[in-house]
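Down below is the structure, laid out as structure tokens.
The values are calculated or read from the model by the stated rules, or taken from the named source; none is laboratory data. Because the structure is predicted, anything quoted here is derived from the model rather than measured. Virtual Cβ from ideal backbone geometry, glycine too; neighbours counted across all protein chains shown. Just so you know, the surface numbers come from the protein's heavy atoms only, side chains and all, with ligands and any DNA or RNA stripped out. Shrake-Rupley method; radii C 1.70, N 1.55, O 1.52, S 1.80 Å.
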Amino acid sequence: MRHSQLRHVLVGSTHISRDQITWRNPIITAVIAGVLVWGSLEWGSDLAVFPLALGAVFTGLANTGPTPIARIKSMGWGLLWITVATLAGGLVAALSLAQVPVAAAVALLAGFAGALGKRGALIGVLSLVLYTVFAGAPDTERTAVLTALLLFMGGGVQLLIGGVVNLTLDSAHSPDPERHESVFTRLAEHRQIDDLFARHAIRLAVAIAVATALGQTLGWPHEYWIPMTVAWMSRPDKDGTTSRVVERVVGTVAGIVVSIFLLNGVGTNQILTALYVLMGALLLLAFINANYPVAVTGITVLVLTLFAQAGEQVSDTAPYRIGATLIAGLITVAASFLLPGKPPQSKVRGEESA
């Protein structure tokens, strides 16, 4: 990346689009996640904390659309696919390097989902992220099925409460711009190798395969961190990918610093843990379209808090996380140069700040 372009991205990462900040649904989702975490800790179900919280937060991320019904449908489809992805990841977790082709296949499908529109792209990203997390998550007493069930329960609470709020408080019904042809018809339009989303799917599959192989062989804590970060950063267009990589690194470092301050400086207990999760979820959801580094700071605080609750010292693994983020950035940028094609003439239809 040229020096002037890097400076432009860094300056842009400090800009907050105030009109893109939302509060109502993020507050609801963050409170639900915090309450689920507190309840799990209070009842001694420590192993349920991670999937319950992620289910609620990721289903909340899918709460998008022009009408209440569209948002409910989006959350419903999102919950279905993140549950399937979580189950699939858990089932292949013991395969070690043999899971590389599986990860590539999942990434291919997730990347091509952007051809269905913004919500398809978003759900594809969320599903791929959770697949990579649970395919490389540390071993616990949970089975893959139980983990997926707990995640579904957390997302189900969010879907129920978020759906009621959408139907109760949203009186304005704007037209839904999404197309209504069948899924197969819409995907068939993009099956050519020179299509933007077909190229993105192939590049993403290659990047996830490389990242998964590295995660399996390096022996670093939390081997999923590299492929998970690739899943978050990859975009259909090269410029968007490059900017996202820089912003991801900035947000990850900021999130680690904030986490160390909170977890080591302020301290932890059941209530504080729930509050940190609530804060992290709120930053992620409120700023996901307004300022990506702030959103990344939020998800980093959320995840590191959950790991700290499980007994991990964030300061011990911080260097590995930063290193993994940098490696993922290099993989993502390198993959963006594969299968070069003409840049899109208009805004990418599948683009979503996830």
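Some points to look at:
- Some residue of the stretch 282-290 being of a type in the set (S, T, N, Q), modelled with pLDDT under 95 and open to solvent by less than 60 Å² (accessible area, probe 1.4 Å): no
- Note on the stretch 75-121: residues that are among the hydroxyl-bearing types (Ser, Thr, Tyr) and modelled with pLDDT of 95 or more amount to 2.
- Residue match in the stretch 156-179 (condition: among the charged types (D, E, K, R), open to solvent by less than 80 Å² (accessible area, probe 1.4 Å) and at pLDDT 65 or above): yes
- Note on the stretch 293-329: residues that are hydroxyl-bearing (Ser, Thr, Tyr) and surrounded by fewer than 23 Cβ atoms within 10 Å (Cβ to Cβ) amount to 3.
- Being open to solvent by less than 10 Å² (accessible area, probe 1.4 Å), under 22 Å from LEU302 (Cβ atoms), over 13 Å from the mean Cα position of the chain (by Cα) and in contact (Cβ under 8 Å) with a residue 60 or more places away in the chain is a condition met by no residue of the stretch 103-122.
- Counted residues, the stretch 73-86 - those being buried (at least 20 other Cβ atoms within 10 Å of the Cβ) and hydrophobic (A, V, I, L, M, F, W, C): 5
- Close contacts from the stretch 82-93, counting a first residue that is in contact (Cβ under 8 Å) with a residue 40 or more places away in the chain and a second that is surrounded by fewer than 20 Cβ atoms within 10 Å (Cβ to Cβ), with Cβ to Cβ under 6 Å and a gap of 6+ residues or different chains, come to LEU87/ALA144; GLY90/ALA144; LEU91/ALA144; VAL92/VAL102.
- Filter pass, THR185 being at pLDDT below 85, over 23 Å from the mean Cα position of the chain (by Cα) and in a helix (DSSP H, G or I): yes
- Counting only residues that are open to solvent by 30 Å² or more (accessible area, probe 1.4 Å) and hydrophobic (A, V, I, L, M, F, W, C), the stretch 32-49 holds 5 of them.
- Within the stretch 292-311, restricting attention to residues that are of a type in the set (S, T, N, Q) and modelled with pLDDT of 90 or more, the residue that is farthest from ALA62 (Cα to Cα) is THR305.
- If you go through the stretch 312-346 and keep only what is among the small types (Gly, Ala, Ser) and modelled with pLDDT of 75 or more, you end up with SER315, ALA318, GLY323, ALA324, ALA328, GLY329, ALA334, ALA335, SER336.
- Counted residues, the stretch 225-273 - those being open to solvent by less than 30 Å² (accessible area, probe 1.4 Å), hydrophobic (A, V, I, L, M, F, W, C) and farther than 21 Å from GLY136 by Cα: 4
- Subset tally (residues that are of a type in the set (Lys, Arg) and over 16 Å from the mean Cα position of the chain (by Cα)) for the stretch 225-255: 1
- Filter pass, TYR292 being touching a His at 6+ places or on another chain (Cβ under 8 Å) and either without any contact (Cβ under 8 Å) to a residue 24 or more places away in the chain or not polar (S, T, N, Q) (or both): no
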